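Encoded as structure tokens, the structure appears first; notes follow it.
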């Protein structure tokens, strides 16, 4: 059930989990739940035990009808005290067996429900966490979280409870019909004539319930994402006094979900009403016919009592099945949403037989006439025929206005996306022929907005190398000048940073991110405005740490402030995805009017005529693409 097609230059496909009509219609019935059996199959021993317990309890329940027949015919007759005592003893023995059978059924079925939901959560998360980053540009994290939590809980309840009730009542229904037939075929015929009248509304209403259940789950996921986004950005919300608008918007979403849920409840209520009316109408008619047969002596009172018992449990089983059918339809909607995640195509995968990197990794990087288009902008190249070669241990700064392609280039190097044209080679090997994990373990990224996780400072730094010792973590923090503020915290390296590092300042978060990169000891270092969040004093210290870190490592630095990159080996000027100039700071001041304009704005040097002709790349040939020897 793959819902995301691979992207290519000729067919631009939007990656989305939107609930299209085609997707909804692709699984209109309960068969979608059959996919869940792949998760149940490993626990066949427990499943067989649960089925045996189901059969056992259903058989005991049905045998109670024969006990009732004996009780009426033999237990209440004149001088039948001994028969009454025997019948009641048998009845109590059956009740005890029923209790123990119910215990086994409940335990095993609940165990399977919990186990399956846990496995499903793990499988979905394991798949989602490995999907290409482009997937998350069009799918809200809050909605994905809702699917993994709320939807799996719903399936857990169905597998661990509703499904068991459905199977048990199906067995009781079938067994009750059979015993009714042996007790009195004529009365059974009356009951069977009413079955189609009961089943038809169950099927018709059930389809509508499933669609409404799917819509309800979608809306719950939608406002779940809204809550997560507003709480995550609570300072911005409150700084702009946006609470009243957010409250109103959230209220509208809640009411919208309530209206859909109300429709679903209304349909289920009507379904129950219709089923009960039809079932007990059939029972009343059956009693009328059977009562006259008792009066006429055609059947005994005990047989009628047994038949009434079977008719009642059959009627009850039909009512339970109609209720459970609605739950199964809800689970079908939840299963659809989970399967969309579980079978979403990953556009970035390791080859079947990946190539290997050389025994000694140097960090050499080559970009050979690469072009890349985002799926949301298929007609505009984010990177356009760009060629560049960076020798091992050299540093290159990428400069350019917003949208020039700097961050995109970093994403392509990390293979978060694949180029549509050309090739990116790391140590001479095309990155598309490498296992992404093998490539990325030799690269460290320090993003412009540092990312911290809701754990301690120690664990956040160790994220760069999970097997690092505490001493190695502290050494990395010292190299990043982060130990100065860490040692002043009450709990030091064990201090909890809060969600996304909210308990630390921007500069402190950035230094922890740099310490993480230092600990990783990469061959290729990617710095995306790594000092932008620092004050002047911290920037000076971190710049020293970065210079030490960049020694003997291939480094790519993204910068908007030219003052931070004037000392790199080479500066590469990007404009609308194209490489338009390279050289040192002084060389570019005279050779690149675009760079000179930026320098003039930031440093007040090298004024130029802004009406000059458009820039033409001086690296039109393959030879001129080698910017670092």
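List of remarks:
- Per-region count, region 414-440, residues under 17 Å from residue 348 (Cα atoms) and not in a strand (DSSP E or B): 17
Results for (1) under 22 Å from residue 341 (Cβ atoms); (2) at pLDDT below 80; (3) assigned to a helix (DSSP H, G or I); (4) not assigned by TED's automatic domain parsing to the domain that holds residue 312, shown as yes or no for each residue.
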| site | (1), (2), (3), (4) |
| --- | --- |
| 109 | no, no, yes, no |
| 154 | yes, yes, yes, no |
| 160 | yes, yes, yes, no |
| 170 | no, no, yes, no |
| 186 | no, yes, yes, no |
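- Looking at 510, 586, just one residue is farther than 30 Å from residue 358 by Cα, part of a helix (DSSP H, G or I) and free of Cβ contacts under 8 Å to residues at least 12 places away in the same chain, and that residue is 586.
- Residue within region 391-413 that is more than 30 Å from residue 273 (Cα to Cα), in a strand (DSSP E or B) and out of contact with any helix residue (DSSP H, G or I) (no Cβ under 7 Å at 6 or more places or on another chain) present: yes
- Scanning region 128-144 for residues that are over 16 Å from residue 338 (Cα atoms) and either exposed (fewer than 14 other Cβ atoms within 10 Å of the Cβ) or within 11 Å of the chain's Cα centre (by Cα) (or both) returns 133, 137.
- The one condition in (1) surrounded by fewer than 20 Cβ atoms within 10 Å (Cβ to Cβ); (2) assigned by TED's automatic domain parsing to the domain that holds residue 412; (3) closer than 22 Å to residue 417 by Cβ that residue 391 fails to fulfil: (3)
- Test: residue 450 is touching a residue at least 60 places away in the same chain (Cβ under 8 Å), in contact with a strand residue (DSSP E or B) (Cβ under 6 Å, 6 or more places away or on another chain), assigned to a loop (DSSP other than H, G, I, E, B) and under 23 Å from residue 414 (Cβ atoms): no
- When the criteria are applied in full, residue 548 meets the requirement of being modelled with pLDDT under 80, outside the structural domain of residue 407 (by TED's automatic domain parsing) and surrounded by fewer than 16 Cβ atoms within 10 Å (Cβ to Cβ).
The values are calculated or read from the model by the stated rules, or taken from the named source; none is laboratory data. Quantities reported herein were computed from a predicted structural model and do not represent experimental measurements. Glycine gets a Cβ as well: all are built from the backbone with ideal geometry, and neighbour counts include every protein chain shown.
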